[in-house]
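Down below is the structure, laid out as structure tokens.
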Amino acid sequence: MKNKKISLAGINEDWIKENVYKKESKIYLFAKRAIDIFFGGVGFILFLVFLPFVALAIKADSKGHVIYKQKRVGKNGIIFDFYKFRTMYEDSTNGQKLWREKDKDSITRVGKVLRRLHIDELPQACNILKGEISFVGPRAEWVELAKIFEKEIKFYKCRYSVKPGLIGWAQINFPPSKSLDEAREKFEYDLFYIKNRSIMLDLEIIFKSPKLFAW
């Protein structure tokens, strides 16, 4: 698709009502859930296979929990526990620093490998099967950053009109954000997905998802 994002400067409340809060067909919702169950099931099997090996590696490399749990914002603003394999050193802040991704020294040796191969994402299969996230959709944000974005980024709460996802349009078109300005631009990609959401777009994202290994 030629236009990959929607500029915040060119939209208003009427645009939001027409393009964001639109009724989704039963066929779309059924097909999307079918995709979630399939990929969630495959991911859960892989999670069980990798779990003992990853757990041993994490424990041998640093002290702390094997599974990292964080409060994130889902559809309709509902807060849920988001799961990943722990890739950072645990500290007094329990990994809750804003923009901690900037601090590469906080990532463990094993964590760097898990992130590079995206193995750290496998526990999210549990979130998918529970229906808290979809396989495809805007990435669920940590509640503390979400509070900032809601205040600083116009129409940010529109992200809550759809279920968040493991992979998304913004992810395959923009690297991980490390500032408010980058988060604002990434949100413009999320708006594109929300406006144009369809099974065909989801399939396109899935097809292009291998490029995520380049980030």
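The values are calculated or read from the model by the stated rules, or taken from the named source; none is laboratory data. All values reported here derive from a predicted model rather than from experimental measurement. Positions of Cβ are generated from backbone atoms using ideal geometry, with glycine treated the same way; all protein chains shown enter the neighbour counts.
Tell me which residues, restricted to the range 62-83, are in a helix (DSSP H, G or I) and either small (Gly, Ala, Ser) or modelled with pLDDT under 95 (or both).
Across the range 62-83, the qualifying residue is only Gly77.
Does Lys154 meet the test of being touching a Leu at 6+ places or on another chain (Cβ under 7 Å) and more than 30 Å from Phe30 (Cα to Cα)?
The answer is yes for Lys154.
Mind checking which residues of the range 38-79 are crowded, with 19+ Cβ neighbours inside 10 Å, touching a strand residue (DSSP E or B) at 6+ places or on another chain (Cβ under 8 Å) and among the hydrophobic types (A, V, I, L, M, F, W, C)?
Phe39, Val54, Ile58, Val73
Is it the case that some residue within the range 114-137 is over 20 Å from Phe47 (Cβ atoms) and in contact with a helix residue (DSSP H, G or I) (Cβ under 9 Å, 6 or more places away or on another chain)? Even if it seems obvious, please write down each step before you answer.
So the first thing to find is which residues in the range 114-137 are over 20 Å from Phe47 (Cβ atoms), and the list is none.
Within the range 114-137 (the criterion being over 20 Å from Phe47 (Cβ atoms) and in contact with a helix residue (DSSP H, G or I) (Cβ under 9 Å, 6 or more places away or on another chain)), the answer is no, since none of the residues qualifies.
So, Lys102, is that one exposed (fewer than 15 other Cβ atoms within 10 Å of the Cβ), of a type outside the set (Gly, Ala, Ser), modelled with pLDDT under 95 and more than 24 Å from Cys158 (Cα to Cα) or not?
yes
Mind counting the residues in the range 175-215 that are touching a residue at least 12 places away in the same chain (Cβ under 8 Å), closer than 20 Å to Arg115 by Cα and assigned to a helix (DSSP H, G or I)?
7
Being outside any helix (DSSP H, G or I) and over 23 Å from Ile133 (Cα atoms) is the filter here, so list the residues in the range 7-39 that pass it.
Ser7, Ile11, Asn12
So for the range 66-86 (the condition being among the hydroxyl-bearing types (Ser, Thr, Tyr) and closer than 23 Å to Glu188 by Cβ), does at least one residue qualify?
For the range 66-86, residues among the hydroxyl-bearing types (Ser, Thr, Tyr) and closer than 23 Å to Glu188 by Cβ: absent.
Given Lys178, Lys151, which one is farther than 14 Å from Gly74 by Cβ, modelled with pLDDT of 95 or more and over 12 Å from the mean Cα position of the chain (by Cα)?
Lys151
Considering the range 136-161 alone, what residues qualify as being more than 15 Å from Arg184 (Cβ to Cβ) and of a type in the set (Val, Ile, Thr)?
Val136, Val143
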